[in-house]
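Q: Pasting in a structure now, in structure tokens, and then I'll have a few things to ask.
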Amino acid sequence: MPGPPHRAEGLTLADRVFATYPVPEPGLEILSAAFLVRVHPARPQPDREAMRAGAEGCRGMLTLVRDRVDAELLEALPELRAIANYGVGYDNIDIVEATRRGIVVTNTPDVLTAATADLAFALLLACTRRLGEGERLVRSGGFGGWDPQMLLGLELEGATLGLLGVGRIGLAVARRATGFGMKLLHVSRHESAEATALGSRRVELNELLDASDVVSIHVSLNDDTRHIIDASALRRMKPTAYLVNTARGPIVDEVALAQALREGWIAGAGLDVYEREPQVEPALLELDNVVLLPHLGSATTRARSEMARVAATNLVAALSGHRPPNPVNPEVLEK
């Protein structure tokens, strides 16, 4: 159950907000200066009933990307007027229903771009140079000395990186790739002057899959992108190619990916997100040629602190009658 509220001077019960997690400072400090803040403890993760009970009577809610906010929950929270999502993605929230109810939803773009791009490139290096396999070999006592044929991987200079999406994070990964001498291709709905300036060529998805040595995913999750990397897409990739996903798990069909890795359709993969997070497809856990991380994309002290600041600032603005810096459904503000 949520802990006791953090109290600010002169506030009434009408000024309550609920945070589903004790986010890093200065998040709670900012909220507590303006509202009575009810905070769910770090563990266990709140289930539907805990979220309903915690947010009951509250005008605002600060949520994590893991927290499902659907029509049923919104129906149970008639006083709710604003939701600040702690993350860039917001597919955990029913935006259509929130908009219908006049609830403004915000996110935290920009502040986690560098951290997530760094993590994506770390995964890229880890899987292409087989670092996970090497580390396990040493720890198990299996390292018998230098061997010319041991754990050979992909050299990045001259290799082609295919970017599925060139938003903020995709572009940041592209900039890092140029430092390694990689060639760039990208798939995007619209022309990107920034991607072109980095030497990337816009192509259709099938060409990107056919030509890339590494495919890195940087699109949002929606009906068009869910399982866009399926068995058919994986079969188009080179048997020497690698897949990296730091975006959203359901963009990749994990069952198909496990089969592709097991049967050699592709050489390897690096994942930071999962289709049914925190569950991981069991077949992936049995494979050596996939690097698995626990959703660490934005996990730097700086990024997580800035995310908390932005989320709290959004919520304060939205509930104080001002335009929040990062609305994802701005049409609510025009009503």
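Q: Report the GluC sites (Glu not before Pro) located in the range 61-98 that are in a DSSP loop and have at most 12 other Cβ atoms inside 10 Å of their Cβ, or state none.
A: 79
Q: Place a +1 charge on the Cβ of each Lys and Arg in the chain and a -1 charge on the Cβ of each Asp and Glu, then give the dipole magnitude about the Cα centre in debye, rounded to the nearest 20.
A: The calculation lands at about 600 debye.
Q: For a quick check of your reading of the filter: which GluC sites (Glu not before Pro) in the range 140-243 sit in a DSSP loop and have no more than 16 other Cβ atoms within 10 Å?
A: Counting only loop positions with at most 16 other Cβ atoms within 10 Å, the GluC sites (Glu not before Pro) in the range 140-243 are 155, 157, 191, 204.
Q: Continuing with this model, one more query. Under 20 Å from a point placed 7 Å out from the Cα of residue 296 along the Cα-to-Cβ direction: which residues of the range 17-49 have their backbone N that close?
A: Those under the cut-off are 24.
Q: So how far apart, in nm, are the two label points at residue 180 and residue 205 if each is 7 Å from Cα heading toward Cβ?
A: So the label points at residue 180 and residue 205 sit 2.4 nm apart.
Q: Give a residue-ordered list of calculated ³J(HN,Hα) values for the range 87-96 (Karplus: 6.51 cos²θ - 1.76 cosθ + 1.60, θ = phi - 60°; whole Hz; x for Gly, Pro).
A: x, 6, x, 9, 6, 6, 10, 6, 5, 4
Q: Given axes a ≥ b ≥ c from the Cα gyration tensor, I'd like to know whether the range 63-212 is rounded (a/c under 1.5), prolate (a/b larger than b/c) or oblate.
A: Cα axes put the range 63-212 in the oblate bin.
Q: Among 117, 33, 308, which one moves the most in a GNM of the chain with springs linking Cα atoms closer than 10 Å?
A: Of the options given, 33 has the highest mean-square fluctuation.
Q: Among rounded, prolate and oblate, which fits the range 32-102 when a ≥ b ≥ c are the square roots of the eigenvalues of its C-alpha gyration tensor, a/c under 1.5 means rounded, and a/b larger than b/c means prolate?
A: Note, shape of the range 32-102 comes out rounded.
Q: Here is a follow-up. How high is the relative contact order of the chain, in percent, counting Cα pairs under 8 Å that sit 6 or more residues apart?
A: 19 percent
Q: Still on this structure, I have one more. Sequence-distant or interchain residues sharing an amide H contact under 5 Å with residue 291, placed H: which?
A: 269, 270, 271
Q: Related question: Within the chain, which whole H helices from DSSP have a Cα span along their axis of at least 15 Å and a mean Kyte-Doolittle hydropathy of -0.5 or more, if any?
A: 113-128, 168-179, 301-319
Q: Also, I was wondering about something else. Which loop trypsin sites (Lys or Arg not before Pro) in the range 171-273, with loop taken from DSSP, have no more than 13 other Cβ atoms within 10 angstrom of their Cβ?
A: 189
Q: At 222 nm, what helix-only mean residue ellipticity would the chain give, in deg cm²/dmol to the nearest 500, using -39500 (n - 2.57) for each DSSP H run of four or more?
A: -9500 deg cm²/dmol
Q: Apply the Karplus parameterisation 6.51 cos²θ - 1.76 cosθ + 1.60, with θ equal to phi minus 60°, to every residue of the range 266-275 and state each ³J(HN,Hα) to the nearest whole Hz, in sequence, with x for glycine and proline.
A: For the range 266-275, the Karplus curve yields 10, 7, x, 8, x, 10, 10, 9, 9, 5 Hz.
Q: Please give the length that would be gained between residue 139 and residue 255 if that part of the chain were fully extended, namely 0.36 nm times their separation in residues minus their C-alpha to C-alpha distance (nm, one decimal).
A: Extra length from residue 139 to residue 255 when fully extended: 38.9 nm.
Q: Which FRET efficiency, nearest 0.05, do residue 263 and residue 68 yield, Cβ-Cβ r, R0 51 Å?
A: 0.90
Q: Sticking with this structure for a sec: At 7 Å along the Cα-to-beta-carbon direction for both residue 75 and residue 42, put a label point, then send me their distance in nm to one decimal.
A: According to this spin-label approximation, the distance is 3.6 nm.
Q: Amide H of residue 69 versus every other amide H placed in the peptide plane: which residues, excluding those fewer than 5 positions away on the same chain, fall under 5 Å?
A: Excluding prolines and chain starts, which carry no amide H, the hits are 93, 94.
Q: Return the FRET efficiency for the residue pair residue 287, residue 322: r is the Cβ-Cβ distance, R0 is 45 Å, and the value is rounded to the nearest 0.05.
A: With R0 = 45 Å, the Cβ-Cβ based efficiency is 0.35.
Q: In whole Å and largest first, what semi-axes does the C-alpha gyration tensor of the chain yield when each eigenvalue is scaled by 5 and square-rooted?
A: The equivalent ellipsoid of the chain has semi-axes of 40, 22, 18 Å.
Each value in this text was obtained by applying a stated rule to the coordinates, not by laboratory testing. Because the structure is predicted, anything quoted here is derived from the model rather than measured. Note that each Cβ is placed from the backbone with ideal geometry, even for glycine, and that neighbours are counted across all protein chains shown.
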